[in-house]
Amino acid sequence: MTARTGTWMLLAIVALGALTAASVARALDANGQLEDPALQARFENIAKDLRCLVCQNESIADSNVELASDLRRQVREMLVAGKSDQEIFDFMTDRYGEFVRFNPPLEPKTLLIWGAPFFVLLLGAGIIFRVVRQRSRMPLDDEPTPGPL
């Protein structure tokens, strides 16, 4: 590849990036919301369903940290590019793991996430049952114990 070809490729990449940024900018109104109400509704639903990786108990819609802002921008760009909700969730999950979703789907790899609370509940109930049963078999303190006189 010659220097001239490399220069043209670089210019083409810069132009493509500028066109992409311009199309996303045109899709946003003055308040930073998507102009298409259907896309805005989809954006809000997706943003509420994605967890902020810094705050961890807030969605990216509610968080003000820079990473959440970047994720919101990325979701907007993907929506404007015509990606489906599932494609956006798949992209985010592939990039950040199942933790990025507030409600991960029930799959074999997420079975531990969904099953752990029930397992801990059953384990706690079993421990309580065993302790209560052992204590009921113990003699009361105010009963005299038979012994040699």
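Once amide H atoms are built 1.01 Å from N in the peptide plane, which residues 5 or more positions from Ser59, or in another chain, come under 5 Å H to H?
Cys52
If eta is 0.890 mPa s and T is 25 °C, what Stokes-Einstein diffusion coefficient results for segment 73-149, Kirkwood Rh from Cα pairs, in µm²/s? Walk me through the numbers before you get to the answer.
Values: Rh = 17.6 Å.
Answer, rounded: 139 µm²/s.
Karplus couplings for segment 44-54 from phi (6.51 cos²θ - 1.76 cosθ + 1.60, θ = phi - 60°), rounded to Hz, Gly and Pro as x?
Once rounded to whole Hz, the list reads 5, 5, 5, 5, 6, 8, 9, 7, 6, 6, 8.
Suppose every Lys and Arg Cβ carries +1 and every Asp and Glu Cβ carries -1, with no other charges. What dipole size does segment 47-108 come out with about its Cα centre, to the nearest 20 debye? Spell out each step's value before the answer.
Details: 8 positive and 12 negative charges, 34 e Å.
In debye, rounded to 20, segment 47-108 gives about 160.
Over segment 33-72, what lengths in whole Å, largest first, do the semi-axes of the equivalent ellipsoid take, defined as the square roots of 5 times the eigenvalues of the alpha-carbon gyration tensor?
Numbers: eigenvalues 78, 20, 7 Å².
So the equivalent ellipsoid measures 20, 10, 6 Å along its semi-axes.
For a quick check: sort Phe119, Phe89 by the number of other beta carbons within 10 angstrom, fewest at the front. Don't jump to the answer; show the numbers that get you there.
On the way: Phe119 10, Phe89 19.
Taking fewest neighbouring Cβ atoms as first place, the list is Phe119, Phe89.
So who's got an amide H within less than 5 Å of the one on Arg101, skipping anything under 5 residues away but keeping other chains? H placed 1.01 Å off N, in plane.
Amide H neighbours of Arg101, under 5 Å, 5+ apart: Arg51.
Rule-based calculations on the coordinates, nothing more; no lab input. No experiment lies behind these values; they were computed from the predicted model shown. When we count neighbours, we look across all protein chains shown, and the Cβ atoms used for this are built from the backbone with ideal geometry, even at glycine.
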